[in-house]
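The next block holds one structure in the form of structure tokens; read it before the comments.
The values are calculated or read from the model by the stated rules, or taken from the named source; none is laboratory data. Here the structure is a predicted model, which is why all the values come from computation and not from measurement. So basically every Cβ, Gly included, is an ideal-geometry build from the backbone, and we count neighbours across all protein chains shown. With ligands, DNA and RNA removed, areas are computed over all heavy atoms of the protein, side chains included. Shrake-Rupley method; radii C 1.70, N 1.55, O 1.52, S 1.80 Å.
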Amino acid sequence: MQVAVVKYNAGNIYSVMNALRRLGVEPLLTDDASQLRQADRVLFPGQGEASGAMAYLREHQLDQVIRSLTQPVLGICIGQQLLCSHSEEGNVDCLGIFDAEVRRFSPTRHEDKVPCMGWNMLYDTKSELMKGIESQYVYFVHSYYVPLCPETIAVADYILPYSAALHKDNFYATQFHPEKSGSVGERIIKNFLEL
């Protein structure tokens, strides 16, 4: 199985590649359109800022490539947010796979810190990506979130309930970092590889 990781100007790519290697997969890090289209699975991870990331994707025509993919695709963290229609971060139009607007957390109490950093529980899980996962803790780092929507396949609570994971057609996405979420995250990545 050929697994490709999208190469663009976002951090955290190497921890995803190491997580794949722990599962016995040697991933290909690439921004080449033909390699991405030919891969059996594509991961679209990252940490960063939405408007800068979208500018890079457009400049390198990766926005068109990602939209055209027909194999299973997994967006992680900012990868999930960029798969949505629009982000408040930089007021930027994104890839539009999921019809959802990415919003910034608005703290209502002193103890509500932004960014949200740390372990949080998943609930209301569904889809093959979340097979075997219910009421499990995973690791988050984010200031922006995707509201609950028809494509939500896992929910987490921080200030309000939000989409911890999404699924539409061949596109899957997690706001949390499965590559940093221990055995639970490893199970989710394995589920993705087995789709």
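Criterion first (within 17 Å of Val138 (Cα to Cα) and not hydrophobic (A, V, I, L, M, F, W, C)) does Pro178 satisfy it?
yes
Check the range 64-76 and report whether any residue there is touching a Ser or Thr at 6+ places or on another chain (Cβ under 6 Å) and on the phi < 0 side of the Ramachandran plot.
Checking the range 64-76: at least one residue is touching a Ser or Thr at 6+ places or on another chain (Cβ under 6 Å) and on the phi < 0 side of the Ramachandran plot.
Can you name every one of the strands (runs of 3 or more DSSP E) wholly within the range 102-194 that holds 2 or more residues which are in contact with a helix residue (DSSP H, G or I) (Cβ under 7 Å, 6 or more places away or on another chain)?
Answer list for the range 102-194: 137-142, 152-158, 160-168, 171-174.
Which members of the range 151-160 meet the condition of being touching a residue at least 40 places away in the same chain (Cβ under 8 Å) and under 17 Å from Leu129 (Cα atoms)?
Glu151
Pairs only if they're at least six apart or on different chains, beta carbon under 8 angstrom, first in the range 161-179 and open to solvent by 10 Å² or more (accessible area, probe 1.4 Å), second of a type in the set (Lys, Arg) and not in a strand (DSSP E or B); list them, first residue then second.
none
Taking Val92 as the residue in question, decide whether it is under 17 Å from the mean Cα position of the chain (by Cα), closer than 25 Å to Asn170 by Cα and not polar (S, T, N, Q).
Criteria not met by Val92.
Looking at the range 87-101, which of its residues are touching a helix residue (DSSP H, G or I) at 6+ places or on another chain (Cβ under 9 Å) and of a type outside the set (A, V, I, L, M)?
Selection gives Ser87, Glu88, Glu89, Gly90, Asn91, Asp93, Cys94, Gly96, Phe98.
I'd like the full set of residues that are under 15 Å from Tyr158 (Cα atoms) and of a type in the set (Val, Ile, Thr), limited to the range 114-140.
Val114, Val138
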